[in-house]
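Following: one structure in structure tokens, then a few remarks.
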């Protein structure tokens, strides 16, 4: 209900752009479909552009006309939903299928991550130590 109220408040001003960060996070599949349908009505019916950040691939493929997958500090893939589904990039395939095994490493130490064969270096990984050092 809070998500619907927040969405209604955002739409009260009749914006041209709608930015949503994980709008279906924590929702059951039925409410997810309701939010997706509302997003589609707004983008198709009112000509609004929606920029949606989501890890919910079912929802993303339901509402997207263009998709961008981010990783390693940049764009890993971009295209229409059909182009993303057909991507030959193994990281894209692992992510959209939700597979636990694949080129995207899980729970690796920084050293293991840096030497993983499929992973590009993370340029900002060293910054974590500068900001997360324990004091005293």
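The values are calculated or read from the model by the stated rules, or taken from the named source; none is laboratory data. Just so it is clear, the structure is predicted and the values come from calculations on it, not from any experiment. Quick reminder, even Gly has a Cβ in these numbers, built from the backbone with ideal geometry, and neighbours come from all protein chains shown.
What the table below lists for this structure:
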quantity: Among (1) over 23 Å from residue 94 (Cα atoms); (2) at pLDDT 90 or above - the single one residue 66 does not satisfy; calculated: (1)
quantity: In the stretch 90-103, the residues that are outside any helix (DSSP H, G or I) and surrounded by fewer than 14 Cβ atoms within 10 Å (Cβ to Cβ); calculated: 98, 99, 100, 101
quantity: Residue in the stretch 4-13 that is outside any helix (DSSP H, G or I), without any contact (Cβ under 8 Å) to a residue 12 or more places away in the chain and touching a strand residue (DSSP E or B) at 6+ places or on another chain (Cβ under 7 Å) present; calculated: no
quantity: Single match in 60, 127 (criterion: modelled with pLDDT under 90 and outside any loop (DSSP other than H, G, I, E, B)); calculated: 127
quantity: Residues satisfying the stated conditions in the stretch 63-77, i.e. assigned to a strand (DSSP E or B) and out of contact with any helix residue (DSSP H, G or I) (no Cβ under 8 Å at 6 or more places or on another chain); calculated: 68, 70, 74, 75
quantity: Residues being surrounded by fewer than 12 Cβ atoms within 10 Å (Cβ to Cβ) and outside any helix (DSSP H, G or I) - total across the stretch 27-52; calculated: 3
